[in-house]
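Please read the structure below before turning to the comments.
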Amino acid sequence: MAKAAKANTKSSPSNQPSHVAIAIMAAGKGTRLKSKHPKVLHEIGGKPILAHVIAAAKKVAPAHDIFVIIGHEAERVRAAVAGTGVNFVLQEEQRGTGHALMVAREALSGYDHVIVLSGDAPLITAETIKKLSDFHGAQNAAMTLLSADLDNPYGYGRVLRKGAAERAGGVEVQAIVEEKSATAQQKKIREINSGFYAFAGPALYEHIDQLSTANPHGEYYLTDMAAVLHRARKKVVAIKTADAGEVMGSNTRAEMTMLDARLRLAKCRELLDAGVTIFFPHTCVIDSDVEVGADSVIEPFVQLLGHTKIGADCRIRSYSVIGNSVVGDRVTVRPGTIMEDSRLGAGAVVGPYSHLRPGSEIGEGAHVGNFVETKKIKLGKGSKANHLSYLGDAEIGDGVNIGAGTITCNFDGVNKHQTVIEGGVFIGSDSTLVAPVRIGRGAYVAAASCITENVPADALALGRARQSVKEGWARRKREAREDGKELTGLNAQEESVDEKQFAERKRKIRL
Ligand code: UD1
Ligand code: CA
């Protein structure tokens with residue numbers, strides 16, 4: 001029956017014929033990566049390796065029947081995937097894959113079957129796990145392992161089929177032998193153990209204590225269960241995957257980059273199949289959880305990261321990097337746009353070179369242009385900020401025009417303040433809006449204004465020095481220069497500065 005460890009989740013229907021748990025081994029350190037981060041938290045396709053394995057497992061069993069075995073940096077690993085709702089088992093000392101299952105005995109022993117997955121093989125699919133599980137059930141086996149034929153089997157455990165069974169094309173297995181213990185003859189075997197298994201629960205826990213550490217690593221190998229069960233005259237079988245790539249582990253950085261490339265290309269293929277055009281897919285970095293609507297076009301060298309959602313009929317132009325953002329339908333993202341935790345309404349146009357920092361909500365049909373930086377703002381429907389602006393901590397209504405070079409001065413050195421620009425406002429170019437400040441509906445702010453006080457609706461605000469004009473000043477300056485004199489200063493009083501005063505001023509400047 002179900003275990004007590006499964007809090008806060010509903011139990012499976014009682015009419016289920018057999019009760020299946022999934023154990024994911026994720027306690028190892030990943031020594032070969034030479035990293036301070038645990039192996040299963042390294043990212044592939046934009047999310048932790050372990051998260052991929054859990055996602056596949058959750059398509060096969062409910063979260064409350066999934067047990068992740070953690071050990072090295074256990075709390076970090078737990079925190080990274082806690083949101084998935086799975087259970088955790090702590091393997092304080094990592095004494096091998098067999099030991100991982102020993103430690104999980106209490107959590108798993110109530111189940112009829114236990115499917116075991118390697119937490120470091122992120123390309124495994126739910127379909128393959130189901131095939132393994134179905135085959136295991138159909139064979140009525142004590143242990144079923146998923147195997148694969150590799151051109152270069154180096155480093156993997158090799159599958160030793162039962163001689164007679166092998167000749168007859170049968171499925172029975174005698175043992176698994178690890179690379180370090182394999183004879184020269186065994187090393188030639190190309191059929192490898194993938195690290196994915198299905199066990200009959202009672203058979204596993206009746207015999208697991210027969211594992212020993214008499215091997216080159218001094219560890220309890222789960223792989224030895226094949227020989228243990230075989231000796232106990234229990235049925236051990238193997239099923240080969242058609243796609244060997246699916247079971248590849250990420251033991252080295254080189255393996256990880258290969259898996260990453262494979263996963264991302266598969267992601268592109270999935271999007272292409274869903275009606276998205278991606279030019280030069282191998283230049284794009286699209287994370288696993290990204291969604292894109294049909295007839296959207298992704299140009300070369302685009303990155304779509306995290307939980308980004310792109311609508312239909314969009315065009316995402318080259319060199320744009322979009323993270324955890326939601327983009328509506330018919331949006332154009334022009335080249336070089338950077339966007340994080342933001343939203344674009346339908347039909348919006350942003351870029352080239354816009355920087356949308358977290359909390360930017362750009363309304364339907366709004367425009368954000370080149371060298372415009374936004375942060376925590378709402379830009380209303382059809383509003384435009386087309387050139388060279390900083391808009392932070394601002395609520396901007398519909399149909400607003402923000403002139404080139406406008407800046408919301410949101411920070412006083414200690415606190416951030418809000419700027420409110422109501423609908424229909426026109427902000428002239430090069431204006432500074434010193435927050436907190438409110439510009440009322442329909443008002444105008446004259447170009448180059450420094451606005452420090454609220455502007456009432458429908459008013460015109462001028463916050464700049466009045467222009468003065470000195471007729472003939474430039475001509476007189478030219479003429480003076482021709483006479484070997486220098487005309488200095490910009491205002492009328494200074495026009496009559498004599499040579500002596502001028503020399504004195506120059507001397508002071510040099511001091
Ligand atoms: C293992 C298999 C090998 C197989 C290969 C497939 C054993 C002894 N060998 O080797 O036959 O071909 O996988 O990829 O099982 N782990 C724990 N606790 C531990 C040790 C490991 O949870 O004490 C976890 C690791 O975090 C990892 C998984 O088990 O996710 C596999 O361990 P790893 O050390 O990578 O085994 P391999 O050497 O790859
Ligand atoms: Ca491995």
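Throughout, read-outs are computed from the coordinates displayed, never taken from laboratory work. Keep in mind the model is a prediction, meaning the values are calculated, not measured. Here Cβ is always computed from backbone atoms with ideal geometry, including for glycine, and neighbour counts include all displayed protein chains.
Summary of computed values
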item: Distant-in-sequence amide H partners of residue 361 (H built 1.01 Å from N, under 5 Å); result: 343, 377, 378, 379
item: Normalised alpha carbon radius of gyration of the stretch 68-135 [divisor 2.2 N^0.38 Å]; result: 1.18
item: Estimated vicinal HN-Hα couplings, Hz - the stretch 380-394 in sequence order (Karplus 6.51, -1.76, 1.60; Gly, Pro = x); result: x, 3, x, 6, 9, 9, 8, 9, 6, 10, 10, 10, x, 6, 9
item: Viscosity 0.890 mPa s, 25 °C: Kirkwood-radius Stokes-Einstein D of the stretch 166-243 over Cα pairs, µm²/s; result: 179 µm²/s
item: Protection proxy ranking, peptides 70-80, 297-307, average beta carbon neighbours within 10 Å, highest first; result: 297-307, 70-80
item: Qualifying lysines (Cα of each under 17 Å from Cα of residue 267; at least 8 residues distant if same chain); result: 47, 309
item: Added length on full extension, which subtracts the Cα-Cα distance from 0.36 nm per residue, residue 482 to residue 469; result: 2.4 nm
item: For the stretch 15-92, the fraction of alpha-carbon pairs in successive 10 Å shells from zero, as %; result: 19, 51, 23, 6, 1
item: Contact order normalised by residue count of the chain, Cα under 8 Å, 6+ apart, percent; result: 8 percent
item: Qualifying lysines (Cα of each under 30 Å from Cα of residue 470; at least 8 residues distant if same chain); result: 485, 500, 506, 508
item: Rg(Cα)/(2.2 N^0.38 Å) for the chain, N = residue count; result: 1.44
item: Kirkwood hydrodynamic radius over Cα pairs of the stretch 194-278, then Stokes diffusion coefficient at 25 °C and 0.890 mPa s, in µm²/s; result: 150 µm²/s
item: Above-threshold pairs, the threshold being 29 Å between Cα atoms, out of 180/240; 58/187; 36/131; 188/235; result: 58/187; 36/131
